[in-house]
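This report concerns only the one structure given below.
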Amino acid sequence: MSDPKPVRRITTADIARMYEAGQRFATITAYDYPTARIVDEAGIPLILVGDTVGMVMLGYDTTVRVTVEEMLHHTRAVSRGAKHALVVGDMPFLSYGVSIDESVENAGRFLSEAYAQAIKLEGGVRSARTIEAIVSSGIPVVGHIGLTPQAVNQLGGFRVQGRSRESARKLIADALAVQEAGAFAVVLELVPAELARAITERLSIPTIGIGSGPHTSGEIQVITDIVGLTQGHTPRHARRFGEVGAALAAAVRAYQEAVLSGDFPAESESSSMAPEVLDEVLGRSELDRAGSPLTIPLDRDL
Ligand code: KIV
């Protein structure tokens, strides 16, 4: 039998080819090894290890609290699970934008220490110089404009961006600045569908929408929102495609009931040993053993 074909990693060039062919693509976040494997095996071409990990996995009230070390830890786990998808690590608050040197150094850590193939950072015009420097260092970048959650304290909440003339013009300028700086794709978060379409038509790199209507080049969602695992509020744009949280809760309850009733673990889920060995260890005779409740028939090799 011949060896299975080695899995080839999706590259930014593949994403560009899909875009040029007009092929819409689905991307999603992942934060751990088993989820990354499932997402990868489903054929999702790009996985974002988003700083949303802070809110949906670590229980923080905002993504602003997430550290570089936490992001590297989760990105490493996803990189180990995803053999095919392009893994993008999300740069957390103030790990970029303070100084160019620090931004490039931190971006590099996602590739050298966490095995990602690209990074994402927030901001349009304000982040253009940083994007340019990171791209010049050989690190592919995904931009992120519209609602940029790390700036939520400035934006006044998690609300749709670009509804007014002024903010719509600003968003178009942001998108062009990110493209000009060398990003290979840009996330549009909570942008009105019409504006997202206009931006997509004006760019020559793919737009990846979230809460921005159906006319972007691709879509991204936070995995816990769409599989029914987010606790509390889920955004209006996140359709539930599954009820993983309910399935998990039911499985945990069933396990607990089985333990309490004595149904679990069963004999087939236990191991056994040669009775004469136990007799010797316990210093008892075969006769004593006859009444012992510990006797388990040796019916399989363990
Ligand atoms: O951190 C994240 O998950 C994101 C997506 C919402 C795009 O930035």
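The rows are residues; the columns are (1) touching a residue at least 24 places away in the same chain (Cβ under 8 Å); (2) open to solvent by 10 Å² or more (accessible area, probe 1.4 Å); (3) in contact with a strand residue (DSSP E or B) (Cβ under 6 Å, 6 or more places away or on another chain).
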site: Gly124; (1), (2), (3): yes, no, yes
site: Ser137; (1), (2), (3): yes, yes, no
site: Ala177; (1), (2), (3): yes, yes, no
site: Val186; (1), (2), (3): yes, no, yes
site: Arg197; (1), (2), (3): no, yes, no
site: Ile205; (1), (2), (3): yes, yes, yes
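Checking Gly89, Gly123, Gly50 one by one, the residue that is over 27 Å from Arg8 (Cα atoms), within 16 Å of the ligand (Cβ to nearest atom) and either of a type outside the set (Ser, Thr, Tyr) or out of contact with any helix residue (DSSP H, G or I) (no Cβ under 6 Å at 6 or more places or on another chain) (or both) is Gly123 and no other. Among the conditions (1) small (Gly, Ala, Ser); (2) away from the ligand (no atom under 13 Å from the Cβ); (3) within 12 Å of the chain's Cα centre (by Cα), Ala107 misses just one, which is (3).
Residue-wise test of (1) within 15 Å of the ligand (Cβ to nearest atom); (2) more than 24 Å from Arg240 (Cα to Cα); (3) at pLDDT 95 or above.
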| site | (1), (2), (3) |
| --- | --- |
| Ile28 | yes, no, yes |
| Tyr31 | yes, no, yes |
| Arg37 | no, no, yes |
| Ile44 | yes, no, yes |
| Gly54 | yes, no, yes |
| Thr75 | yes, yes, yes |
| Lys83 | no, yes, yes |
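Close contacts from the range 28-42, counting a first residue that is of a type outside the set (Ser, Thr, Tyr) and a second that is open to solvent by 80 Å² or more (accessible area, probe 1.4 Å) and more than 14 Å from the ligand (Cβ to nearest atom), with Cβ to Cβ under 7 Å and a gap of 6+ residues or different chains, come to Asp40/Lys83. Condition first: modelled with pLDDT of 95 or more, within 12 Å of the ligand (Cβ to nearest atom) and under 22 Å from Met57 (Cα atoms). Now tell me which residues in the range 210-236 satisfy that. Ile210, Gly211, Glu219, Ile220, Gln221, Val222, Ile223, Thr224, Asp225, Ile226 - these are the residues of the range 210-236 that are modelled with pLDDT of 95 or more, within 12 Å of the ligand (Cβ to nearest atom) and under 22 Å from Met57 (Cα atoms). The helices (runs of 4 or more DSSP H) found wholly in the range 1-72 and carrying at least 1 residues that are hydroxyl-bearing (Ser, Thr, Tyr) and open to solvent by 40 Å² or more (accessible area, probe 1.4 Å) occupy 12-20, 33-41. For the range 250-273, what are the residues that are in contact with a Leu (Cβ under 6 Å, 6 or more places away or on another chain) and open to solvent by 90 Å² or more (accessible area, probe 1.4 Å)? Passing the criteria: none in range.
The values are calculated or read from the model by the stated rules, or taken from the named source; none is laboratory data. This one's a predicted model, so the numbers in the text were calculated from it and none came from an experiment. Cβ coordinates were reconstructed from backbone atoms using ideal geometry, including for glycine residues, and neighbour counts include every protein chain displayed. Side chains are part of the model used for accessible areas, which takes the heavy atoms of the whole protein and leaves out ligands, DNA and RNA. Shrake-Rupley method; radii C 1.70, N 1.55, O 1.52, S 1.80 Å.
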